[in-house]
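Worksheet for the structure shown next.
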Amino acid sequence: MNGWDWIHWLIFVVVILGFALSMIIVFIWTERKVIGRFQLRRGPNRVGPMGVLQAFADFIKVLTKEDIVPAKADRWVHLLAPIVAFVPALLVLAVVPFRDGSILADLNIGILYVVAIGALGVVGIFMAGWGSNNKYSLISAMRTAAQVVSYEVPVVLSIVGVILITGSLSMVTIVHEQQVPFILLQPLGFLIFFLGTTAEINRSPFDLLEAESEIVAGFHIEYSGMKFALFYLGEYAHAVAASAVITTLFLSGWKGPVLPPVLWFLIKVGFVFWLFLWMRSTLPRLRVDQLMGFAWKFLLPLALFNVFLTGAEVLLWEEKMASWGNFPWPFLFLNLALAGGLIVLWSKFFRLGGGRVEV
Amino acid sequence: MGTGSELAFWLLAVLIVGSALAVVVLRDVFRAALFLVLCFFAVAGIYIILSADFLAAVQVLIYVGAIAVLIIFAIMLTREAQRGSPSNRLQIPVLIVGLLLLAVIVAVVVDTSWPAADVPPPAPTTGDIAEKLFDKNEGFVLPFEIASVLLLAAMIGAIVLVRERKEE
Amino acid sequence: MMELKTEPVVINMGPQHPSTHGVFRMRVTFDGEVIVDMEPVFGYLHRGIEKLAEERTYTQVIPLTDRLDYVASMTNNHAYVLAVERLAGITVPERAEYLRVIMDEMMRISSHLLAVGFLLNDMGAFFTPLMYMFREREKLLDLFEMVCGQRLTYNYMRIGGLSHDIPPEFLPALNRFVQEMPHFIDEYDQLLAENEILLARTKGVGVLSRELAINASASGPVLRASGVSWDIRKADPYSVYDRFKFQVPIGTAGDIYDRYWVRIQEMRHSVRILEQAIKGLPSGEVMAKVPPLLRPPQGEAYAHIESPRGELGFYVVSDNSIAPYRLHIRAPTFINLTTLRDLVIGWKLADAVAVFGSIDIVLGEVDR
């Protein structure tokens, strides 16, 4: 490792930290403003012009709060939990290309790294749930365990479709290979990945672990002050990371006409985040058994089918490449049609409501 | 091997041994499980030093993301977790067996001559692993498939065992 | 088959819980996420209103009734003054009766808006439906403010009529509201009625059977969702309700969805009643000749009305003094709440919250 490498790493660590933190602040403001609009409110408008300083005001408020550790809590576990929950979100950004060549580390296992690191955050939630010595937070941790383990399966399977087409795990190569955004070639994969990620970063309608109306605040019920702030920031950091990964995998990353690549990247990230907000502000929450059923009965079969379909298409494409002008146009339309048809048909298998257990 | 990776190796080695000891010694089962996570994670670090990046990612994904989570899940379901791990009268026999195993491993490690390859490690390991695993002639496609069928059978078996019977 | 031993967990939901609508407390026993037992605990908001009333003149009790069902306080006024008027044999001027009906129906709409909004909120829709409902409720509150200067505790009705007549700008504003409200109700229906997650969370969940509903003496939308057509406005018309044409929507299944649906439909019919009442509103006095210090003859009277939450009854006993000898309130939500335990057992934590929201209680009335 020579001197230039070190400088590259140093610069990018600073860039990513700056990016993540500024995006978190922007996202907090955006979320409040956009959800305010969805709800016929104005959103924050007192602190600074259009309320842009709201996030800072929140932050100062949170910092001045008393730091509480419950009497019977597992002190160290309670203390470390916010850190363990927050760090993985930043780590994911290490392999996200902001534009061609602008990346901390172009790992050749990029996407696998994302999935692996993404699984770490749950440990922090566990620690918070257990360490707080609170029944609500314990229920929340249990829900998280079930949810993350279940949703990881369809998420990983939906990535396989992308990997099959590109033949590489590297995030940069994946972006390079996207002649059109993969959302068109892999509509089913995109939907499964998007919904699965929503569940993994615990945003509505899959936000069962902090279900306000059921288990109050879930795993962070006993947290206050800076530790709570870290969870709060972590939630947005995960949202930033998830939006960036979805942008890279399915929305052709930095690519786009006219505008500079970095701007395109930011626009797409913002769009994905806006989708999260849209879901959050319009949908009620699923029940825990419906949540699991959705993962195993709906997303998983469709993800398996998607892998099978994409595999067959990749094999076929290799033969016909020349005659289709280097792009599989027929598959584009076939996949879009199949995705629509399958989703409609498969949803017919679900019986709505009910779910009583004899006790 | 540069000094950087040597330093990293020793740090990781201490971390692995320390956390592994903590897993065994700690009375608080939940903390023990957390140290297990740390141990798995450090092992992934060792893989990275060995340029086995694919393996490292899989290590984190499977061991931390799935196995450790399941262990923690099981601990949370147990009410006795608060009481800590109880000791029983097998302590001394287990100690002897453990020491014996350690002796064997140390003997083997000391006895083996460790040849270092001249070739630099292959850069993307993923493709090579895949070819070794699924090659038409020398691959392990059949064992792989058998293993998957076995796992599937185990999964179905688990579901059948815990499934609630509808009473007629 | 091996028996797996599990141990239930007891959780106190409330009194400081975001979805217990005040200070209600549920002592829930869980097996995993499934509720095996539930014990409702209330009384945290008990202020002794029934006893306080014995120390006040008949008119002074009216502001106390505002504090019962504070989401629909005007209906409490109405039920109380109705009981006292029956006791003292006072006839109310026709204009006052019409205005009372108008107020009641406005109250019903505003209360149902809150009920539906909070039900959705309890199911995890992050405040959006609630804010949509607030948009119309805000207009209603503005109207109330126009009438009596208050937005929550109105203290508008008096024994023998109303405290004062409506201001001239009230009727045009109400007319505008009546014109646009059906469209807004359509909008709610469009946004909510076919939402897959809403259906999944409400259809067939928390079913209150017809028999149980009747045996528990439930009333209001909770009873009607279970398929019982019982509405005091039709069954025992008070005020001038017998002059209006409207229907009583009834559900079939008695699940959360039906309770939601009944409320939405009731809003539509309330708008229809409002339309007719505006058209038929006579001119004249709004207050009968009532002595300033009322001493009703010795005796007792019971008056019940259809409040937004069910049958709200006031039982007044007089000993010919200036204060009631005894006042008793039949609080509809208190009685509806008794069905809660049967509704939630066997369901999950999330369902319990939704069922509780669909019963739509106001703690001020339950605890009194």
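Read-outs: derived from the displayed coordinates by stated rules, not from any lab. Predicted model, so just to flag it, every value in this text is computed and none were measured. Neighbour counts run over all protein chains shown; Cβ positions are idealised from the backbone, glycine included.
Using a 10 Å cut-off on Cβ to Cβ distances, tally the other chain neighbours for every residue of C:132-143 and report the average as a whole number.
Averaged over the peptide's residues, the number is 1.
Using a Gaussian network model of chain C with C-alpha springs under 10 Å, which one of C:PRO282, C:PRO221, C:PRO308 is most mobile by mean-square fluctuation?
Largest GNM mean-square fluctuation: C:PRO282.
Along the Cα→Cβ direction, 7 angstrom out, place labels at B:ALA130 and B:ILE71. What is the inter-label distance in nm?
Once both label points are built, they end up 3.1 nm from each other.
Whole-Hz ³J(HN,Hα) for each residue in segment C:326-337, computed from phi via Karplus 6.51 cos²θ - 1.76 cosθ + 1.60 with θ = phi - 60°, x for glycine and proline: what do you get?
Once θ is set to phi - 60°, the couplings for segment C:326-337 become 8, 10, 10, 10, 8, 8, x, 6, 4, 6, 4, 5 Hz.
Just order B:40-51, B:114-125 by mean Cβ neighbour count inside 10 Å, highest at the front, would you?
Result, highest mean Cβ count within 10 Å first: B:40-51, B:114-125.
When ranked by the protection proxy of mean other Cβ atoms within 10 Å per residue, highest first, what sequence do the peptides C:237-244, B:28-35 form?
Descending packing order for the listed peptides: B:28-35, C:237-244.
Can you list residues from other chains, or at least 5 along the same chain, whose modelled amide H is less than 5 Å from the amide H of C:ARG330?
Excluding prolines and chain starts, which carry no amide H, the hits are C:GLY313, C:PHE314, C:TYR315.
Once the Cα atoms of helix A:54-63 and of chain A are each reduced to a long axis, what angle between those two axes, in degrees from 0 to 90 to the nearest 10, is obtained?
The angle comes out at about 50 degrees.
Using +1 at the C-beta of Lys and Arg and -1 at the C-beta of Asp and Glu, which of B:ILE159, B:ASN137, B:SER148 has the Cα lying farthest in the positive direction of the dipole of segment B:126-168?
After comparing all options, I get B:ILE159.
Please report, in debye to the nearest 20, how large the charge dipole of segment B:1-83 is about its Cα centre when each Lys and Arg carries +1 at its beta carbon and each Asp and Glu carries -1 there.
So the magnitude is around 360 debye.
Enumerate the aspartates and glutamates that C:LYS203 could reach by cross-link, defined here as Cα to Cα under 14 Å, with residues fewer than 8 away along the same chain left out.
In chain and number order, the partners are C:GLU194, C:ASP255, C:ASP258, C:ASP351.
Just how large is the dipole of segment C:192-305 about the Cα centre, in debye to the nearest 20, putting +1 at every Lys and Arg Cβ and -1 at every Asp and Glu Cβ?
240
Which residue, A:SER213, A:GLY167, A:ALA339, has the largest displacement toward the positive end of the dipole of the protein assembly as shown when charges sit on each Cβ (Lys, Arg +1; Asp, Glu -1)?
A:SER213
May I ask you to evaluate 6.51 cos²θ - 1.76 cosθ + 1.60, the Karplus curve with θ = phi - 60°, for each residue of segment A:271-288 and list the ³J(HN,Hα) values in order in whole Hz, giving x for glycine and proline?
Result, rounded to whole Hz: 5, 4, 5, 4, 4, 4, 5, 4, 4, 4, 8, 10, 9, x, 8, 7, 7, 5.
So how do C:74-87, A:204-217 stack up, highest first, on mean other-Cβ count within 10 Å?
So the order, starting with the most tightly packed, is C:74-87, A:204-217.
Kindly state, to the nearest 0.05, the FRET efficiency for C:GLN247 paired with C:VAL41, given R0 = 35 Å and r defined as their beta-carbon distance.
0.35
Counting partner chain Cβ atoms within 10 Å of every residue's Cβ in C:195-203, what's the average?
Taking the mean over all residues of the peptide, I get 6.
If contacts are Cα pairs under 8 angstrom and at least 6 residues apart, what is the relative contact order of chain C in percent?
27
Could you give the distance between the Cα centres of segment B:96-137 and segment A:1-50, to the whole Å?
Their Cα centres are 45 Å away from one another.
If you build a Gaussian network model of chain B, linking Cα atoms that sit under 10 Å apart, which residue out of B:ILE96, B:ILE67, B:ILE16 swings the most?
Highest fluctuation of the listed residues: B:ILE96.
Loop-only check: which trypsin sites (Lys or Arg not before Pro) in segment C:266-365 are DSSP coil with at most 10 other Cβ within 10 angstrom?
Counting only loop positions with at most 10 other Cβ atoms within 10 Å, the trypsin sites (Lys or Arg not before Pro) in segment C:266-365 are C:LYS289.
Could you give me the ³J(HN,Hα) list for segment B:123-130, computed from phi with Karplus coefficients 6.51, -1.76, 1.60 and θ = phi - 60°, whole Hz, x at Gly and Pro?
6, x, 7, 4, x, 4, 4, 4
In the Gaussian network model of chain B, springs joining C-alpha atoms below 10 Å, which of B:LEU61, B:LEU77, B:LEU152 carries the largest mean-square fluctuation?
Judging by the Gaussian network model, the answer is B:LEU152.
Placing unit charges on C-beta atoms (Lys and Arg positive, Asp and Glu negative, everything else neutral), compute the dipole magnitude of chain A about its Cα centre in debye, rounded to 20.
Roughly 1120 debye, rounded to the nearest 20.
Please compute the average number of Cβ atoms from other chains found within 10 Å of each residue's Cβ in peptide A:288-297.
What the average comes to for A:288-297 is 2.
Could you pull out the GluC sites (Glu not before Pro) across segment C:167-197 that fall in loop regions by DSSP (anything but H, G, I, E, B) with no more than 11 other Cβ atoms inside 10 Å?
C:GLU169, C:GLU194
Using the beta-carbon distance between C:GLN179 and C:THR91 and R0 = 35 Å, what value does 1/(1 + (r/R0)^6) give for FRET efficiency, to the nearest 0.05?
About 0.55, to the nearest 0.05.
What residue among A:ASN202, A:TRP130, A:VAL288 has its Cα farthest toward the positive end of the dipole of segment A:67-358, where the charges are +1 on Lys, Arg and -1 on Asp, Glu, each on the Cβ?
Among A:ASN202, A:TRP130, A:VAL288, the one farthest towards the positive end of the dipole of segment A:67-358 is A:VAL288.
C:PHE30's amide H: which non-local residues (gap 5+, or another chain) put their own amide H closer than 5 Å, with H modeled 1.01 Å from N in plane and none for Pro or chain starts?
C:VAL9, C:VAL10, C:ILE11, C:VAL36
Give the angle, between 0 and 90 degrees and rounded to the nearest 10, that separates the Cα long axis of helix C:170-192 from the longest principal axis of the Cα atoms of chain C.
Helix C:170-192 and the main axis of chain C meet at about 10 degrees.
Ratio of Rg to Rh for the protein assembly as shown, alpha carbon only, Kirkwood?
Reported Rg/Rh (Cα atoms, Kirkwood Rh): 1.05.
Note the angle between two axes, namely the Cα long axis of helix A:121-131 and the longest principal axis of the Cα atoms of chain A, as a number of degrees from 0 to 90, rounded to the nearest 10.
Long axis of A:121-131 versus the principal axis of chain A: about 20 degrees.
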